[in-house]
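Please read the structure below before turning to the comments.
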Amino acid sequence: MIEDRDRLASSEARAVALDCLEAGIEAGHPRTVVRDAVTLEDDTLRVADATFNLSEYDEIVVIGGGNAAAHVATALEDVLGDRIDGGVVVTDDPVETERVTVREGDHPVPSERGVDGARAVLEAADSATEDTLVLAAITGGGSALMPAPAGDVSLADLQSTTDALLASGADIHEINAVRKHLSVLKGGRLARRTAPATVVSLILSDVVGNDLSVIASGPVAPDASTFDDALAVLERYGIDASDAVADRLERGAAGEIDETPGLDDAVFESVSNHVIADGMTVLEAASDAAAERGYEPLVLSSRVRGEARDAAAIHVAIAEEARATGTPVSPPAVILSGGETTVTVRGDGTGGPNQEFATSAALEIEGGGGDENGAESGSTGGITVAAVDTDGIDGATDAAGALVDGTTVADPDAAREALAENDVYPYLESRDGLLFTGPTGTNLNDLRVLVVR
């Protein structure tokens, strides 16, 4: 999974970190989680803790979108075979399917082909009847991959607004509050289009806390955010939105455009949502991998958020404490966390949250010891740090994240300058610290691994 793994695993600690990353990502792949969550016995379909009698439906279709949507579709085809009558999903990681059409889109910034794919999803939703069972594949990345601009809002409007929000440091709840109110699909509106069909969503969550209304902007989930909330986000972060975006949000706040459907909307009476994998799925597998290799695992949290570089300093401080005093875990240990950190962009460089986390961590452990063969000494020299986005795309780069240790930073000033300019990708590339996986088939947020010798 990790490219050039043998070379990167130049020390035991590095090898353990890579093992944990790969175990976590593999555990979150749809072929694994759908097999565990979905079974078919005669006419009874089980999805998580719910069951459905397939004899009550005239057709079964699969619709949805996200980084892992095509893999969910193929896994459902493995379970249901020719009982699936069709459908369409949008993804940036296409795979071959037999009965469900796969359309390609782009992530993290929406594209024209994503608009076309979202239109196809809406057409499939519109054709559903009360005798249709809709299996909705909803995964991280769905917000960008299924843009579906509303009213006079154009794709260019969505792109500029998305770019500005991603660079602002806004969290995913804030970003998606805006996205939902600029779309005809998000914020429960896809559920409205499928009514009166029965909708069963299979969700792979990339959102801290598994807020159903935020994962892929909640296309089949009730939404509590409002047009006023979306306007407040733009004001809070000083986003200079286009006239079309501002006009739609202001008209919505004035009551001229219907709000997204809320919890009391009758459309959700025939909708059930099931989170079949999330950040804890990844962390538990990574923890098991660490234990198997003789390291004591400690899961800090699946909900870490905030500025990536600040989170890195805290993580390294915890690892230092463990190394110095055996608290909160006694080495050899692996400290793990998930969640989604952010970056407030002030420079004009290339990178992503996990790359900034790793670069900041490398600065924290710089000087703690280590040679070119990976031998480690000193209070922080025995710490190795890996951080990736589980979808294989950190920020808007082709790197999944980075792997660093006490040998990474040779020139602290260069590392600090890279962080100041938000240009850590070329810095890590020059220090042989980037990790590449390509599309992983899943998206369950970030995974951070600190190996403490």
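Each peptide in 384-395, 244-255 was scored by the mean count of other Cβ atoms within 10 Å over its residues; highest first, the order is 384-395, 244-255.
Lys and Arg at +1, Asp and Glu at -1: add these up for the other residues within a Cβ distance under 10 Å of PRO222 and post the number. Provide the component values of the computation, followed by the final result.
Values: positive: none; negative: ASP223, ASP264, ASP265.
It works out to a net charge of -3.
Surface exposure of the range 1-64, expressed per residue as accessible area with a 1.4 Å probe, stands at 46 Å².
Here the Karplus curve 6.51 cos²θ - 1.76 cosθ + 1.60, taken at θ = phi - 60°, turns the phi angles of the range 130-147 into couplings of 5, 9, 9, 9, 9, 9, 9, 8, 10, 9, x, x, x, 4, 6, 6, 10, x Hz, with x standing for Gly and Pro. Solvent-accessible area per residue in the range 302-453 equals 35 Å², computed with a 1.4 angstrom probe and all protein chains kept. Other residues whose C-beta falls under 12 angstrom from the C-beta of GLY117 contribute a net charge of -3, scoring Lys and Arg +1 and Asp and Glu -1.
Solvent exposure of the range 94-191, expressed per residue, is 33 Å² of accessible area, with all protein chains present and a 1.4 angstrom probe. From the alpha carbon centroid of the range 29-81 to that of the range 343-359 is 38 Å.
For the chain, adding -39500 (n - 2.57) for each run of n ≥ 4 DSSP H residues and dividing by the number of residues yields -11000 deg cm²/dmol at 222 nm. Hydrodynamic analysis of the range 385-453 uses the Kirkwood radius over alpha carbon pairs. Inserted into Stokes-Einstein at 20 °C and 1.002 mPa s, it gives a translational diffusion coefficient of 170 µm²/s. Sparsely packed loop sites in the range 75-145 (the GluC sites (Glu not before Pro) outside DSSP H, G, I, E and B with at most 12 other Cβ atoms within 10 Å) comprise GLU96, GLU98, GLU130.
Across the alpha-carbon set of the range 1-100, the Rg to Rh ratio works out to 1.13, Rh being the Kirkwood radius. Can you give the percent of C-alpha pairs in the range 222-279 whose distance is more than 18 Å? So the pairs more than 18 Å apart make up 50 percent of the total in the range 222-279.
For ASP240 and ASP411, FRET efficiency with R0 = 30 Å and r from the beta-carbon atoms, rounded to 0.05? Efficiency, rounded to the nearest 0.05: 0.20. Surface composition of the chain: carbon plus sulfur atoms contribute 43% of the solvent-accessible area (1.4 Å probe, protein chains only, all chains present). Can you say what percent of the DSSP beta bridges in the chain, counting only those with both residues inside, are antiparallel? Round to 5. Counting DSSP beta bridges with both partners in the chain, the antiparallel share is about 45 percent.
All Cα-Cα distances of the chain, cut into 20 Å bins from zero to the largest, leave 27, 53, 20, 1 percent in each bin in turn.
The values are calculated or read from the model by the stated rules, or taken from the named source; none is laboratory data. Since the structure is predicted, the reported quantities are computational estimates derived from the model, not experimental observations. Because the Cβ atoms are built from the backbone with ideal geometry, glycine has one as well, and the counts that use them run over all protein chains shown. Heavy atoms of the whole protein, side chains included, go into the accessibility calculation; ligands, DNA and RNA do not. Shrake-Rupley method; radii C 1.70, N 1.55, O 1.52, S 1.80 Å.
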